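Structure first, then comments.
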Amino acid sequence: MPLRLVISLAIAMICLSVLMQFVRTSEAAMLRELDVRFSISGHRLRVMVYDAQTGQPVGGATVTVTYDGGMKAHTLGASSNSYTFYLPSDILLASVRVTRNGYFPWEGEVALE
């Protein structure tokens with residue numbers, strides 16, 4: 001194989017690698033952060049979703065609550081930023097995951113009363 005061809009292929013691979021890094025960086029720059037808040041009353045867990053930068057309500061997110069022995073999920077309507085989950089009375093700790101197109105996924109835990 002001619003040396004010029006090998007050098008050209010190596011340069012092309014380096015350029016492709018740099019381009020892929022740029023694409024990943026630009027995709028990440030387009031994603032926003034979520035601000036997720038809770039309201040707890042007994043074993044009712046209300047999850048409220050906001051844009052972390054603007055503080056505006058975010059509709060259309062999918063909220064998943066997992067706990068020992070179960071899981072519940074709900075996709076919010078386009079104009080709704082909250083949902084109330086009713087969890088079993090013996091649950092003390094639940095994990096919450098919120099996803100929405102255009103936002104980084106949010107994950108956290110909440111202690112119930």
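Dipole magnitude for the chain: about 380 debye, using +1 per Lys or Arg Cβ and -1 per Asp or Glu Cβ, origin at the Cα centre. Between Leu87, Leu34, Leu16, where does the largest GNM mean-square fluctuation fall for the chain, given springs only between Cα atoms within less than 10 Å? Residue with maximal mean-square fluctuation among Leu87, Leu34, Leu16: Leu16.
Residue-wise HN-Hα couplings along the stretch 51-59, as the Karplus relation 6.51 cos²θ - 1.76 cosθ + 1.60 with θ = phi - 60° gives them from phi, are 6, 5, 7, 9, x, 6, x, 10, x Hz; Gly and Pro carry x.
Computed over the alpha-carbon pairs of the chain, the distance histogram in 5 Å steps reads 2, 11, 17, 16, 12, 9, 6, 5, 5, 5, 4, 4, 2, 1, 0 percent, short to long. Note on the stretch 39-81: Kirkwood radius taken over Cα pairs, Stokes-Einstein applied at 37 °C and 0.692 mPa s, translational D equal to 283 µm² s⁻¹. Counting only protein heavy atoms and a 1.4 Å probe, tell me what percentage of the chain's accessible area is made up of carbon and sulfur. Of all accessible area on the chain, carbon and sulfur atoms account for 58 percent.
Average accessible surface for the chain: 67 Å² per residue, computed with a 1.4 Å probe over protein heavy atoms with every protein chain in place.
Counted residue by residue at 0.36 nm each, then reduced by the alpha carbon distance between them, the extension gain from Ser79 to Gln21 reaches 17.3 nm.
Only helical runs count toward this figure. For the chain, summing -39,500 (n - 2.57) over DSSP H runs of n ≥ 4 and dividing by all residues gives -9000 deg cm²/dmol at 222 nm. Note on the chain: with a GNM built from Cα contacts shorter than 10 Å, the maximum mean-square fluctuation among Ser17, Ser39, Ser80 falls on Ser17. Taking the DSSP beta bridges in the chain as the whole, what percent of them are antiparallel, to the nearest 5? Restricted to the chain, the bridges split so that about 95 percent are antiparallel. In order along the stretch 8-20, the Karplus-derived 3J(HN,Hα) couplings, from 6.51 cos²θ - 1.76 cosθ + 1.60 at θ = phi - 60°, round to 4, 5, 5, 5, 4, 5, 5, 4, 4, 4, 4, 4, 5 Hz, and Gly and Pro are given as x.
The values are calculated or read from the model by the stated rules, or taken from the named source; none is laboratory data. Here the structure is a predicted model, which is why all the values come from computation and not from measurement. Cβ: placed from backbone, ideal geometry, glycine included. Neighbour counts: every protein chain shown. Just the protein is used for accessible areas: all its heavy atoms, side chains included, with ligands, DNA and RNA removed. Shrake-Rupley method; radii C 1.70, N 1.55, O 1.52, S 1.80 Å.
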